[in-house]
Every structure is written in C-alpha cells, then in structure tokens.
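One structure is given below, encoded as structure tokens.
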Amino acid sequence: MLTSDLQPPADRTRPPLHPPPPAPPAAPAARFRSLGPEDRLVPVTVDGRTLHLPEGMPLAAALLTRGHAAFHRSVRRDEPRGPWCLMGTCLQCIATVDGRPQVRTCRTPVAAGMVVTLAGSPP
C-alpha cells in the first residue's frame, strides 16, 4: 500500500515518451550551393519558367542549386527521381533538353536559350 508521501506531486508532469520530430529542411536549394564565383547568368526555360543559370555549369548542378531536385519519375512507383552520380552513368538526371528526350543533364553545359522539360513534378 502506498502512502501519500511516496506519490509524486500533482503538478509534476512526465516528459514525453518520444521527442518531437525535427523540422524539415527549409528548401531543397539549401542542400546545394555554388562554391565558386558564378559565371555569366543566361536565361534558360525550365518547365515553362525562365531561370537565370550560370553559363557553362553542368545543367544538373545548376538546377540543383536553384532547388530543382526531381528531374523525372520512377517507372514502377511513380516516385520523384533526381541526379545521383553526377557523372553520366546512373541516368537519374535525364530530362528533355531542346526537344531531345533523355539527355544526361549532368553532362550538358548550360547555354543561353535552352528549353528544359523535367518530368519530376507530380502529374
């Protein structure tokens, strides 16, 4: 039998069993940034929007620094896919560039007037 002096005070609360989950990152663009001075910025149309990207930088890297993480969607589960190896072997960075489908954007330098269509946005 418990006595009143062994019971915790009524105003004492127990800590939560599980701490709250950490806050999600602010934006995908915060994960990638350019380390050097950017070259001349040129206009590039990406999914109908005009972006100004550094000329000569690999297109995949330039798009990652601007927050575009999903370049296409997986065939089986329709999940967003983005660049993985950034050297042309994994094919996760493919997009349609100037009307040419399945271009490896990690191997394609940014040029003025490019038209890029990413298939990574939800349908």
So what does LEU91 come to for accessible area, using a 1.4 Å probe and Å² rounded to 10? 80 Å²
Scan around LEU53 for amide H atoms under 5 Å from its own, H built in the peptide plane at 1.01 Å from N, and keep only partners 5 or more places away or cross-chain. VAL42, VAL44
Which order do THR108, THR89, THR45, THR117 take by accessible area at a 1.4 Å probe, largest first? THR89, THR117, THR45, THR108
How large is ³J(HN,Hα) for each residue in region 66-73, as worked out from phi by the Karplus curve 6.51 cos²θ - 1.76 cosθ + 1.60 (θ = phi - 60°), to whole Hz, x for Gly and Pro? 9, x, 8, 9, 9, 9, 7, 10
For region 86-92, take each phi angle, set θ = phi - 60°, evaluate the Karplus expression 6.51 cos²θ - 1.76 cosθ + 1.60, and give the result in whole Hz per residue in order, putting x for glycine and proline. 6, 9, x, 9, 8, 6, 7
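Hey, if we sort MET57, MET87 by accessible area with the 1.4 Å probe, largest down, what's the order? Mind dumping the intermediate values first?
Values: MET57 40, MET87 120 Å².
Largest accessible area first, the list is MET87, MET57.
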Order of exposure, largest accessible area first, which applies to ARG77, ARG100, ARG66 with probe 1.4 Å: ARG77, ARG100, ARG66
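The values are calculated or read from the model by the stated rules, or taken from the named source; none is laboratory data. Keep in mind that this is a model prediction, so the values were computed, not measured. SASA here: full protein model, heavy atoms, side chains in, ligands and nucleic acids out. Shrake-Rupley method; radii C 1.70, N 1.55, O 1.52, S 1.80 Å.
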